[in-house]
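Taken together, the values in this text are just the output of simple stated rules run on the coordinates, not laboratory data. Keep in mind it's a predicted model, so treat the numbers as computed, not measured. Note that we place each Cβ from the backbone using ideal geometry, even for glycine, and neighbour counts take in every protein chain shown.
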Amino acid sequence: MILNSIGLNTEKAQDLANDLNDLLANFQIYYQNLRGIHWNIKGKRFFDLHAKFEELYTDANVKVDEIAERILTLGETPLHTFEDYTNHGKVPVGKNISQDEKAVQLIVDSLTELLKIERDILDKSGDANDEGTNSMMSDFITEQEKTVWMMKAWLS
């Protein structure tokens, strides 16, 4: 077994970096969705939702950077083109969404897809003894589960 410079099995680290690139691509789509609904939201809930969407896209932007840096730490190259993002995309793309319930539902649907990817990475990172990736996924999952719960409560 060959270990990389941070003591992980090289093959497992490469597989994790590939999965993290999938997550990165989908986070970029989620981020762009959030920007779009932030810009285009209309209606009586505009002020509350406009601010909430900005909070969410600011957080997503930070997470995009963390994911890319983890990929680099594992010795691989992060995806960085729109073509790559769309080719790896599982998160729904929201276009011209200005209605509040549709915008919030897009967030729930997007996070549901991200959570699936993150749980898969969490399983694999545990198997690879990759505590850095494992911890990141655990933190992301905990936070996003709460956001899904809050958004679903808002929708009810």
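Of note:
- Residue count for the range 36-68, restricted to those that are within 21 Å of Leu115 (Cβ to Cβ), over 12 Å from the mean Cα position of the chain (by Cα) and charged (D, E, K, R): 2.
- A single member of Asp15, Asp59, Asp22 is within 19 Å of Trp154 (Cβ to Cβ) and among the acidic types (Asp, Glu), and it is Asp59.
- Residue in the range 66-73 that is part of a helix (DSSP H, G or I), touching a Pro at 6+ places or on another chain (Cβ under 7 Å) and farther than 18 Å from Ala128 by Cβ present: yes
- Evaluation of Glu66 against the conditions (1) in contact (Cβ under 8 Å) with a residue 12 or more places away in the chain; (2) farther than 30 Å from Leu3 by Cβ; (3) surrounded by fewer than 17 Cβ atoms within 10 Å (Cβ to Cβ) shows that the sole unmet condition is (2).
- Residue match in the range 105-115 (condition: β-branched (Val, Ile, Thr), surrounded by fewer than 22 Cβ atoms within 10 Å (Cβ to Cβ) and at negative phi): yes
- Residues located in the range 25-41, provided they are under 16 Å from Lys90 (Cβ atoms) and either touching a Pro at 6+ places or on another chain (Cβ under 6 Å) or outside any helix (DSSP H, G or I) (or both): none
- Scanning the range 69-115 for residues that are farther than 18 Å from Gly36 by Cα, among the charged types (D, E, K, R) and in contact (Cβ under 8 Å) with a residue 12 or more places away in the chain yields Arg70, Glu76, Asp84, Glu113.
- Exactly one residue out of Ser98, Ser135, Ser125 is crowded, with 18+ Cβ neighbours inside 10 Å and not β-branched (Val, Ile, Thr): that is Ser125.
- Selection count, the range 25-58, where residues are touching a residue at least 60 places away in the same chain (Cβ under 8 Å) and either of a type in the set (Val, Ile, Thr) or in contact with a helix residue (DSSP H, G or I) (Cβ under 7 Å, 6 or more places away or on another chain) (or both): 10
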